[in-house]
Amino acid sequence: MAEIGKHVKPVERAQDEPAAASARTVAACLAVSVAIVALICLVQVPKYAMPDDFMQDLYARGAYLDTPGFLMLYSLVGFSAPISWLYALLPAVPWYPVALLGLIAISFAAVGVTAVSARVPAPLKVFLAGALALCEVMATVYLTYTIVAFIACAAGVVLVLRRAAFCRPQGFRASDVLAFALIVEGFSLRPESGAAALVLFVPFLVWALACNRNARMMAFAVGVVAAMGLSYAAGQVAWRITPGWEEFQQTFKAAQAVADYPVVDYEDVQQVAPELSQTDVDMIYEFIFVDADTYSLETFQALDGVVEGYGLATMLAGMVARVSFTAFAFGLLVVLAATAGFICAARRLPAGACAVAWAIPALALAEFLLIFLRARLKIHVFLPVFIVALFALVVCCLIPARRGGDPRAERPLGVFLGRVVPAAGVLAYAAVLGLLWVTYVRPLQASLGNELTANTEAYLASHEDQLVLFTNTQGIVMNDDIFSFDAWRQPDNAVFIGGYEYYTPSWETFLTREGLTRDGFLLNLIDNDDMVTASYPEQAELIATYLSEHSGQAVEAERVETLGETTSGDEDVCIWRYRTA
């Protein structure tokens, strides 16, 4: 704050509140935003980018193991309850994918209105409009709730900043209702995403405290924090008081603190959980920790003490292992830095305002490094940080110029800033979209035509009396576009092993129906033709070793049928049964 404050002169204090955007501008931005989403769905309906979205969809409509409810695995009650109630009211409508796409369209429309309504040179407006449109395409074709949560929460914050960061807001507008609705729904969709998005807007809070302190501005700032806090509190209460979900949050977080982090050295494991074998630990990182007697809450809490959550060695190892991904991630930062530079140059911003603009790519870098420290090199985590940073840079277009105007700001931009830079900037964002498409989206869409899914469905249909455990391979059967999947019904004999669903009422429904318990659940595989796994060969061997260690018998994995190759063609998924030697 001191750094920004010393550059801020009295003539740079708050400006008059910006007028509400015209109805024509709002309608145009909303129409363009909706058209982008609709056109993509007409040309090629997206497929969920992450397995978690398929599970979110199933829980939202009560279709996972036929257990209706109003709570979801990764979303707070502020999002899950309305969606579940809509499914109960009109079950034929695909509410979950519609909600994600709707949040994308509304969020980009809101930020688009902010960009085109700003008092900035026309070339900068054209550039920002093009960059936002391309980012909307990215978020739609690579659809996942993690990205949508970032975007929705950030768009709400943008609307709040437009009202309150650079002026003393007067009264209450309809846009304020939209702003806080986006914040609540985005944060409730995935709290971690909402919190990470908010961090990228901290420079504007610093600016406001240094240059625009007033009670109404503070009220808006407190309102944003309160909206998130109340959403979080409501979610925690809902999980803790809803029958069947009481232990979910505690156990889920304990298991996640181990399974979602870099692999723990077995020597460290022996110090805190000597009862676990190397095989037991390996099963955790395959997400096959269904047996409650082996993987209890206390076990995960003990392991948490030796997990290296953030480490320089982990970061460097991840960078070296995936050099091309690392180059792509830092390329995103270069694009953001160039965007900040163009905004500063086009608006001829004073030093204090430039400090705010340059702080945004710096914070994006900090978030990227934090992700690298956890070895979470996933595009669905990096991409939303990139998009939200662009949203924050749009807000820089609202920072007031010097009182009385800056004579330089009135001069038209030259050929370089007025034509070359905007065109090059749009091409840079198009290049990001192209790389995303080639590397991630195209293989994802190609997987929809994989014969593996048809073979798996045929096997399930012809073996209705046999429980098939999908050991973190459920993606081969949950393989539809977002609208087709919403009508998909889980076969009664398909059981998904590989996640945090074990701690929810859905699993209690299944266990009661089958007369089973989670204690020693996998031991039911031994010499049992009525229970098999759909696994990769390495998984099958790991499970056989686990069964041998926990049964005291020599157990071998026996291949029953090969379902087919994965889309990449490097591994087979097979049906396995487990026999004592």
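The values are calculated or read from the model by the stated rules, or taken from the named source; none is laboratory data. All values derive from a computational prediction rather than experimental measurement. Virtual Cβ from ideal backbone geometry, glycine too; neighbours counted across all protein chains shown. Please note that ligands, DNA and RNA were not included when accessible areas were found on the heavy atoms of the full protein model with its side chains. Shrake-Rupley method; radii C 1.70, N 1.55, O 1.52, S 1.80 Å.
A few points about this structure:
- Equivalent ellipsoid semi-axes - Cα gyration tensor, the range 449-581, angstrom: 24, 19, 13
- Over the range 451-580, accessible surface divided per residue gives 40 Å², non-protein components excluded, 1.4 Å probe.
- Computed from backbone phi, the HN-Hα couplings of the range 23-31 come to 4, 5, 5, 4, 5, 5, 5, 5, 4 Hz, rounded to whole numbers (Karplus: 6.51 cos²θ - 1.76 cosθ + 1.60, θ = phi - 60°; Gly and Pro given as x).
- Extending 7 Å from Cα along the Cβ direction at Gln445 and again at Ala27 yields two label points whose distance is 3.3 nm.
- Separation between Cα centres of the range 141-160 and the range 539-581, rounded to whole Å: 41
- Computed as a quarter of the hull surface, the mean projected area of the alpha carbon convex hull for the range 247-305 stands at 3.6 nm².
- Within the chain, helix-based [θ] at 222 nm, where runs of 4 or more DSSP H residues each add -39,500 (n - 2.57), nearest 500: -19500 deg cm²/dmol
- A compact globular protein would have a Cα radius of gyration near 2.2 N^0.38 Å; the ratio found for the range 201-303 is 1.64.
- Pairs of Cα atoms in the chain fall into 10 Å distance bins, from 0 up to the last occupied one, in shares of 3, 16, 25, 25, 16, 9, 4, 1, 0 percent.
- Surface share of carbon and sulfur [accessible, 1.4 angstrom probe, percent] for the chain: 61
- Base-10 log of normalised Debye intensity for the range 315-465 (one unit scatterer per alpha-carbon) at q = 0.09, 0.13, 0.21 Å⁻¹: -0.44, -0.74, -1.28
- Heavy-atom surface of the range 64-161, accessible at 1.4 Å and reported per residue (Å²): 27
- The string of couplings for the range 109-124 from the Karplus curve (6.51, -1.76, 1.60, θ = phi - 60°) is 5, 5, 6, x, 4, 4, 5, 6, 8, 5, 8, 9, x, 4, x, 5 Hz, one whole number per residue in order, with x for Gly and Pro.
- Between the residues Gln474, Val495, Leu516, the greatest Cα displacement towards the positive end of the dipole of the range 451-580, with unit charges on the Cβ of Lys, Arg, Asp and Glu, is found for Leu516.
- Packing rank of 293-301, 193-201, 180-188, where each peptide gets the mean count of other beta carbons within 10 Å, highest leading: 180-188, 193-201, 293-301
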